[in-house]
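Rule-based calculations on the coordinates, nothing more; no lab input. Every value quoted in this text rests on a predicted model; they were computed, and no experiment measured them. Cβ: placed from backbone, ideal geometry, glycine included. Neighbour counts: every protein chain shown.
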Amino acid sequence: MRYPMEVNLIGDSATTLQALLPHLKQKSDRSWREHIEKSVAQWWEVLEERAMADADPVNPQRVFWELSPKLPDNCILTSDSGSAANWYARDLKLRRGMMASLSGGLATMGNGVPYAIAAKFAYPERVAIAMVGDGAMQMNGNAELVTIAKYWQRWSDPRLIIMVLNNQDLNQVTWEMRVMEGDPKYEASQNLPDFPYADYAEMIGLKGIKVTESEALSGAWDRALNADRPVVLEVKTDPNIPPIPPHIKREQAQAYMSALMHGDPDALGTVKASFKQFAREFIPKSRKH
């Protein structure tokens, strides 16, 4: 849809590729493939460096990076529209047998928790993990915790984890305003009230885990994945970590600078966080050359 095509093949991907393969000839020159493989390997190094960069208090990328190697076989993953979708797409390495859902076409907030609940009813023996933002939780996720509390004991495997990025900001839109429109963060529409997600989970009979330090993430995920009931894992994350695309357009950089110059209330924090993220991209390359 966004990339020029010479020949469009329309059909089921598996059957279409099977029909195409006999018409392809293997090239002896593997330089293009090797270039792609090297670039992908370097990109994973960049993502790790970015995830491990300091933040205030927790880097949201690290939340997903720490989870990735711990993902149980055949688990079911869901995420929500918002900045959580960025890290869900970038920092998790899915394996064969896993299932993953995202409201990508509709870009609708509030789907992550209901998707995970539906997954548990369809596959009660599988671990389900929803990764959502605090905006979605305040819109409908908190109410759906009541649904989980009502039904979880019917599931053969009770493990259902709702991971909440608590940054008190409608973060994706805040960054879109900065880099697409050049507008500073508008606090009246973007700021969210704090809410004790983990404590609330405990109140209704679920398990609540709250993380405010990066070093506690790994252990928190272990506890959540081994719990005897559904878990709300609340992580206090830094809203100023920028969702940097692989390639930044000049218009985006100009818009971001315009937002900073027009009184963005988090200007200093975003500049510091952005510097750390950009600097990390060049560390792996410098080690290899």
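Of all the Cα-Cα pairs you can form in region 88-181, what percent are over 23 Å apart?
Numbers: 1284 of 4371 pairs.
Here the tail beyond 23 Å accounts for 29 percent of pairs.
Show the residues, 5+ positions off or on another chain, whose built amide H is closer than 5 Å to the amide H of Asn74.
Long-range HN contacts for Asn74: Met98.
So if I take the centroid of the Cα atoms in region 204-244 and the same for region 109-142, what is the distance between those two points in Å?
About 15 Å separates the Cα centre of region 204-244 from the one of region 109-142.
Taking a ≥ b ≥ c as the square roots of the Cα gyration tensor eigenvalues, with a/c under 1.5 meaning rounded and otherwise prolate when a/b beats b/c, else oblate, which class fits the chain?
Working: a/c = 1.68, a/b = 1.12, b/c = 1.50.
Oblate, since a/c reaches 1.5 and b/c is not below a/b.
Can you give the extra length, in nm with one decimal, that the chain gains between Leu106 and His23 once fully stretched, where that is 0.36 nm per residue apart less the Cα-Cα distance?
Values: separation 83, 0.36 × 83 = 29.88 nm, distance 3.64 nm.
Here the answer is 26.2 nm.
Packing-wise, with mean Cβ within 10 Å as the measure, how do 110-119, 51-60 rank, highest first? Could you put the intermediate results ahead of the total?
Details: 110-119: 22.7, 51-60: 19.5.
Those peptides, ordered most packed to least, come out 110-119, 51-60.
What residue among Met139, Thr16, Leu106 has its Cα farthest toward the positive end of the dipole of the chain, where the charges are +1 on Lys, Arg and -1 on Asp, Glu, each on the Cβ?
Thr16
Given the chain, what percent of its DSSP beta bridges are antiparallel, to the nearest 5?
Working: 1 of 26 bridges.
Expressed as a percentage, antiparallel bridges in the chain total about 5.
Starting from the Cα of Ser189, move 7 Å in the Cα-to-Cβ direction to define the label point; list residues of region 243-271 whose amide nitrogen is under 19 Å from there.
255-267
As a quick test, which of the pairs Lys70/Lys276; Lys38/Lys236; Lys93/Lys249; Lys38/Lys70 have an alpha carbon distance above 31 angstrom in this structure? List each step's numbers first, then the result.
Numbers: Lys70/Lys276 26 Å; Lys38/Lys236 35 Å; Lys93/Lys249 27 Å; Lys38/Lys70 25 Å.
Long pairs (Cα-Cα over 31 Å): Lys38/Lys236.
Obtain the nm distance between the two label points defined at Asp199 and Ala89 by a simple spin-label model: each point lies 7 Å from its Cα along the Cα-to-C-beta direction.
It is 3.6 nm.
Enumerate the amide H contacts of Leu192 below 5 Å, restricted to partners 5 or more residues apart or on another chain; note that Pro and chain-start residues carry no placed amide H.
Asp169, Leu170
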